[in-house]
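Reviewing the structure listed below.
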Ligand code: HEM
Ligand code: SF4
Ligand code: SF4
């Protein structure tokens, strides 16, 4: 769902250019995990702004609540207790949700024209009115983000508040965060901001602090500052080198236009075979044999 | 068309009905499946009432096809066992395509090309069925790891493209070889047709006579 329409960089299942005369500035949301206290205000803000109320679930013995992303929960805090060094327990809390990849696997996989769009500001948005509910976006996403609703069989995920951003506001989660762990702005500025945070963390003993902006998916428009950037897996399985799977590349690459062309060629080739070689008929000799 | 009492019976009514069930479901599957295959084919979804309906209907039609195909497999597999003569036939397939069947080894009920096609179709159908279940998001995908779903997506698309090509060849061969299509309508073929195209079968069921 979104208000933009003239600044579309890519559109699912579309082979001609999309409306792109308006160019917007690449934006990014930076989530500084070292500042997050796990209060879930951002989760609450997300449900409020998007006017969604998920089913009330059950406690599964950890702080994660709800236990997983869903069609109505587009972001959630994942809590992991890890002993990074012997005797030093750390509570790493990661705000999970769509990463808004520059090279989005969901968009690449989607077969429905315009069900997924990417704006020139980098936001990847699902347009549910065009969604057919096949789940290919789930297959394509390297971060396991999209969810198909059991209610309407449409795919849903974080929009990066594309509707707010389109009118110059920051995403609801950013506005709400009480510690300033989530900031939003031009992607360039966010990288600069992150560099300052990383320097600060390094001076405080986090020698491996760093920015998570994985280049395997062309960089992301949601980035993390990690205390342990050398071990992203510690953060509830954040992938080390995410990229669109080679299987998805094969499935959605040049093979298909080539296969379509080959199918057409075989059909046309058959026609030409008939025209050039003539039908395979019973020979006159045999025909005569059976004439009384 | 009035049938000649001397015509040879090639297919029973239930064999023909089975074949048509497979044929019709295949066409519906091909048209609905191509919808998701490439954007160029997306408009085909209109034949099924839109993209969402194509997505919903395709796998159910697939189940009907898979069941009909299995039934047909058990009717015909024994007749399709490949013999040394068939291999010889296949090695000379170029001459056949060129329109000259004079030196082709004598075919039985099926020639080498038909038998090879049969087994290739069996392989495609098996791959399509297994991979189709894995990528059936509404009911089954949640049961499988993501790597397997990705592999199955590739397998399903590749096997579908392969099967569509094979069926085009199959249908064209039936059109090209005049007097064949009626075998699927009425179940019979003329004696001359049998002697020309399947001489060994002709001898077997007529005892060599006229
Ligand atoms: C038991 C048999 C089958 C099952 C369960 C099945 C299931 C599926 C499913 C679940 C999809 C994804 C779209 C959707 O959710 O509707 C799909 C896609 C597709 N199916 Fe099937 N199918 C079967 C047989 C076939 C056959 C016989 C063909 C032959 C032409 C075929 C051609 C396709 C194609 C071309 C696609 C699109 C693949 C892509 O996106 O690359 N399917 N099938
Ligand atoms: S479920 Fe919807 S958004 Fe996802 S790939 Fe299918 S059509 Fe596209
Ligand atoms: S994280 Fe997944 S859903 Fe979000 S843009 Fe990347 S591929 Fe798409």
Query raised in the report: Against the longest alpha carbon principal axis of chain A, how many degrees, from 0 to 90 and to the nearest 10, is the axis of helix A:255-277 turned?
Result: 0 degrees
Query raised in the report: When the Kirkwood radius is taken over all Cα pairs of the stretch A:63-155, what Stokes-Einstein diffusion coefficient follows at 20 °C and 1.002 mPa s, in µm²/s?
Result: 146 µm²/s
Query raised in the report: Relative contact order for chain A: what is it in percent, counting Cα pairs under 8 Å that are at least 6 residues apart?
Result: 23 percent
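From other protein chains only, count the Cβ atoms within 10 Å of every residue's Cβ in A:34-43, then give the mean.
On the way: counts 0, 0, 0, 0, 0, 0, 0, 0, 0, 0.
Whole-number average of other-chain Cβ neighbours for A:34-43 is 0.
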Query raised in the report: Highest GNM mean-square fluctuation, chain A, Cα pairs closer than 10 Å: which of A:157, A:277, A:72?
Result: A:277
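Would you calculate, for chain A, the mean residue ellipticity at 222 nm contributed by helices, counting each DSSP H stretch of 4 or more residues as -39,500 (n - 2.57) and dividing by all residues, to the nearest 500?
Working: 9 runs with 83 residues, N = 292.
The helix-only estimate for chain A comes to -8000 deg cm²/dmol at 222 nm.
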Query raised in the report: Cα centroids of the stretch A:105-144 and the stretch B:73-133: how far apart, whole angstrom?
Result: 42 Å
Report task. Count, for each residue of A:263-269, the Cβ atoms from other chains sitting within 10 Å of its Cβ, then give me the mean as a whole number. Result -> 4
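For chain B, what does the alpha-carbon gyration tensor say about shape, rounded, prolate or oblate, given a ≥ b ≥ c as the root eigenvalues, a/c under 1.5 as rounded, and a/b over b/c as prolate?
prolate
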Query - Whole-angstrom Cα spans of the protein assembly as shown along principal axes, big to small - result: 103, 52, 39
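By average Cβ neighbour count within 10 Å, what is the ranking of B:141-147, B:110-116 from highest down? It would help to have the intermediate numbers written out before the result.
Details: B:141-147: 12.9, B:110-116: 21.1.
Result, highest mean Cβ count within 10 Å first: B:110-116, B:141-147.
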Report summary line: For chain A, the longest principal axis of the Cα atoms and the Cα long axis of helix A:41-50 enclose an angle in degrees, to the nearest 10, of 50 degrees
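Considering all alpha-carbon pairs of the stretch A:179-292, what whole percent are spaced by more than 25 angstrom?
Percent of Cα pairs beyond 25 Å in the stretch A:179-292: 56.
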Query raised in the report: Normalized C-alpha radius of gyration of the stretch A:73-119, against 2.2 N^0.38 Å?
Result: 1.80
Report summary line: In degrees rounded to 10, the 0-90 angle between helix B:146-176 Cα long axis and the longest Cα principal axis of chain B is 30 degrees
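Which FRET efficiency value, to the nearest 0.05, do you get for residue B:206 and residue A:68 by plugging their Cβ-Cβ distance into 1/(1 + (r/R0)^6) with R0 = 56 Å?
Efficiency computed from Cβ-Cβ geometry: 0.20.
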Query raised in the report: Using 16 Å as the cut-off for backbone N distance, which residues of the stretch B:173-200 belong to the label zone defined by a point 7 Å from the Cα of residue B:6 along Cα→Cβ?
Result: B:189-196
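Which value in deg cm²/dmol, rounded to the nearest 500, describes the helix-derived mean residue ellipticity at 222 nm for chain B, given -39,500 (n - 2.57) per DSSP H run of n ≥ 4 and division by the residue count? Please list the in-between numbers first.
On the way: 9 runs with 138 residues, N = 210.
My calculation for chain B gives -21500 deg cm²/dmol from helical runs alone.
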Report summary line: Which of A:215, A:227, A:151 fluctuates most in a GNM of chain A (C-alpha springs under 10 Å)? That residue is A:151
Query - Inter-centroid distance (Cα atoms) of the stretch A:221-247 relative to the stretch B:149-210, Å - result: 54 Å
Query - For B:156-164, mean number of other protein chain Cβ atoms within 10 Å - result: 3
Report summary line: Long-range share for the stretch A:8-250, i.e. C-alpha pairs more than 25 Å apart as a percent of all pairs, stands at 41 percent
Query raised in the report: Who wins for biggest fluctuation among B:87, B:78, B:195 in a Gaussian network model of chain B, springs between alpha carbons below 10 Å?
Result: B:78
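Given R₀ = 60 Å, FRET efficiency for residue A:268-residue A:150 by Cβ-Cβ distance, to 0.05? Intermediate values should be presented prior to the final figure.
Values: r = 45 Å, r/R0 = 0.75.
With a Förster radius of 60 Å, E is 0.85.
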Query raised in the report: Could you give the distance between the Cα centres of the stretch A:276-290 and the stretch A:1-57, to the whole Å?
Result: 69 Å
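Shape call for the stretch A:119-268 from the C-alpha gyration tensor, a ≥ b ≥ c root eigenvalues: rounded (a/c under 1.5), prolate (a/b greater than b/c) or oblate? Don't jump to the answer; show the numbers that get you there.
Values: a/c = 2.42, a/b = 1.68, b/c = 1.44.
Note, shape of the stretch A:119-268 comes out prolate.
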**Report entry** chain B: relative contact order in percent, alpha carbon pairs under 8 Å with at least 6 residues between
**Finding:** 26 percent
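FYI, it's all coordinate maths here, none of it is from the lab. All figures in this text were calculated on a predicted structure; none of them were measured in a lab. FYI the Cβ positions are ideal-geometry reconstructions off the backbone, even for glycines, and counts take in every protein chain you see.
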